[in-house]
Amino acid sequence: MKIRTKIALQFTAIIALILATFSASFYYIAQQNRKDEFFARLRDRALTDANLLIKVGPINTKLLKLIDQETLSKLYAEKVLMFNADNKVLYASYSADSLEIYYFYNPELLKRVRERTYVETTRDSLDVVGVMYTDEEKGEFVVMASAQDYMGKIQLEKLRESLVYSFLFGVLITIVLGFIFAGQSLKPISAMNKEISTITAYNLRKPLNEGNRQDEIAQLAINFNQMLERLEESFDLQRSFVSNASHELRTPLAGLKSEIQVSLEEERTPDEYRKVLRSVLNDTQRLIQLTNGLLQLAQSEKKERSISFQEVRLDELIFETQEELLSLHNDYQINIDFDDIPDLEQDITVLGNGPLLKTVFSNLIDNACKYSSEKRAEVRIGFNDKSCFVRVIDKGIGIPDDEKQRIFEPLYRAKNATAFRGYGIGLSVCRRIVDMHRGSIRLQSELQKGSTFEVVLPHV
Ligand code: ADP
């Protein structure tokens, strides 16, 4: 169901409920008023007749009957009966047989009137009032008056009809207004929908109209525009990555091709062939390194769910990394130290993927040695009650301020690093892996003085 229809229907349901409650209470009050008023009239009539018969009397009952029947205030189907203490009928305003009298005014009802002095009741369609009338000299009498509120009931019926029609009319108007109102409120969303449908991967820089920048819909547009900006950035990164990667691959491949071409141009001595083959081997090794790096990057982009996490002790992992790096580069010096000796194993244990975390520390320590003339890296392990820290410190070439953020982009290399081997892949892999572990990576660096990379990971 469309939101517009939903809002209109909900709005109508609320108004219908209010209208129904209002109409029902209005009808109930009108009905109660009618009853009260009619019973009061019946009571008056009963007391007037009793006064005439007992106080004023002896009065001719025929005359009273005549008065009863001819008065202007006569009620529809009005009947007045007066009983003495023995339940004998003293006066009846109409000629009724004893059965009919008994049907309406049985001893039980008369007893109730004597007990309570005043009773209101309804029998069939008649409203009945019983009044106890006491005269000091003549004793106690019960006067029963009954009549049908014909006019009152007709008026009530009319009122009910009008209320039902007004209710239906009200609901109809609400539905129409609800649709108009909902359409009006959702207009900006429809407009936004239209704008969004024109956005493609090539025109992300076509922001949505942010309206008054205040209401919820404007906020949505602002957030959407910010998301577009982030998407655009990541598309740009992707594009530059693809062009950088192909450039990086093309250079050694072109080198290989020209070396082979030149050596094939004329007959060479075995020594010359050996020289060419060695150079080809070097280039191939560089290519393998680069593709390995790209593979690492692709692996780090894998979905987190497919990577298994276990408890990993960081100090053990770093010692293993040190060993592996030293076996590859015997000129490296890697010093490992603790800020504090951990009392508990948990203090330096994280939930993570060992091989991936090893890639992080291996890249950072390798860089520290690679970019410093001493080929030396200090590794410090620390912890607090929530996290573990690993700081990799070097006294190397440092990183220019304006490139500190960019070096984490895939294939980006700082201007002062071109003389060193590398492809600019390691740090982007590190950041991705650390993110995956809900950690962070920070950098402090000063040109020609050195750099400190700090990895913070939540411990178990
Ligand atoms: P690579 O070292 O292969 O170029 P990285 O992604 O590991 O790739 O590093 C990206 C860039 O960051 C490097 O090219 C270099 O400019 C800079 N960098 C990284 N580590 C250091 C360091 N310890 N000292 C100075 N520069 C560094």
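Values computed for the structure shown
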quantity: Single residue of region 1-51 satisfying the filter (within 46 Å of the chain's Cα centre (by Cα) and among the polar types (S, T, N, Q)) that is most open to solvent (accessible area, probe 1.4 Å); calculated: Q10
quantity: Matching residues, region 177-194, being of a type outside the set (G, A, S) and in contact with a helix residue (DSSP H, G or I) (Cβ under 9 Å, 6 or more places away or on another chain); calculated: L177, F179, I180, F181, L186, P188, I189, M192
quantity: Number of the condition not met by R376 [criteria: (1) near the ligand (Cβ under 7 Å from one of its atoms); (2) within 22 Å of S327 (Cα to Cα); (3) not aliphatic (A, V, I, L, M)]; calculated: (1)
quantity: Residues being farther than 18 Å from N330 by Cα, out of contact with any Leu (no Cβ under 9 Å at 6 or more places or on another chain) and acidic (D, E) - total across region 367-408; calculated: 3
quantity: Matching residues in region 219-239 - criterion: being touching a residue at least 24 places away in the same chain (Cβ under 8 Å) and surrounded by 15 or more Cβ atoms within 10 Å (Cβ to Cβ); calculated: L220, A221, F224, L228, L237
quantity: Number of the condition not met by R406 [criteria: (1) closer than 27 Å to S234 by Cβ; (2) touching a Lys or Arg at 6+ places or on another chain (Cβ under 9 Å); (3) free of Cβ contacts under 8 Å to residues at least 40 places away in the same chain; (4) surrounded by fewer than 18 Cβ atoms within 10 Å (Cβ to Cβ)]; calculated: (2)
quantity: Filter result (open to solvent by less than 20 Å² (accessible area, probe 1.4 Å) and near the ligand (Cβ under 7 Å from one of its atoms)) within region 387-398; calculated: D394, G396, G398
quantity: Positions within region 313-341 being surrounded by 16 or more Cβ atoms within 10 Å (Cβ to Cβ) and closer than 10 Å to I381 by Cα, in sequence order; calculated: L314, D315, I318, I336
quantity: Looking only at region 348-364, and only at residues there that are hydrophobic (A, V, I, L, M, F, W, C) and under 17 Å from I433 (Cα atoms), the one that is surrounded by the fewest Cβ atoms within 10 Å (Cβ to Cβ); calculated: L351
quantity: Region 419-438, subset touching a residue at least 60 places away in the same chain (Cβ under 8 Å) and touching a strand residue (DSSP E or B) at 6+ places or on another chain (Cβ under 7 Å), residue farthest from the ligand (Cβ to nearest atom); calculated: H437
quantity: Qualifying residue in region 385-396 (condition: basic (K, R) and under 30 Å from Q238 (Cβ atoms)); calculated: no
quantity: A92 in contact with a Phe, Trp or Tyr (Cβ under 8 Å, 6 or more places away or on another chain) and either more than 21 Å from L53 (Cα to Cα) or surrounded by 12 or more Cβ atoms within 10 Å (Cβ to Cβ) (or both); calculated: no
quantity: Qualifying position, being surrounded by fewer than 17 Cβ atoms within 10 Å (Cβ to Cβ), within 8 Å of the ligand (Cβ to nearest atom) and assigned by TED's automatic domain parsing to the domain that holds E454, among N367, N416; calculated: N416
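The values are calculated or read from the model by the stated rules, or taken from the named source; none is laboratory data. The model shown is predicted, which means the values in this text are computed figures rather than measured ones. All Cβ positions, glycine included, derive from the backbone under ideal geometry; neighbour counts span all protein chains shown. What goes into the accessible areas is simple: the full protein's heavy atoms, side chains included, and nothing from ligands, DNA or RNA. Shrake-Rupley method; radii C 1.70, N 1.55, O 1.52, S 1.80 Å.
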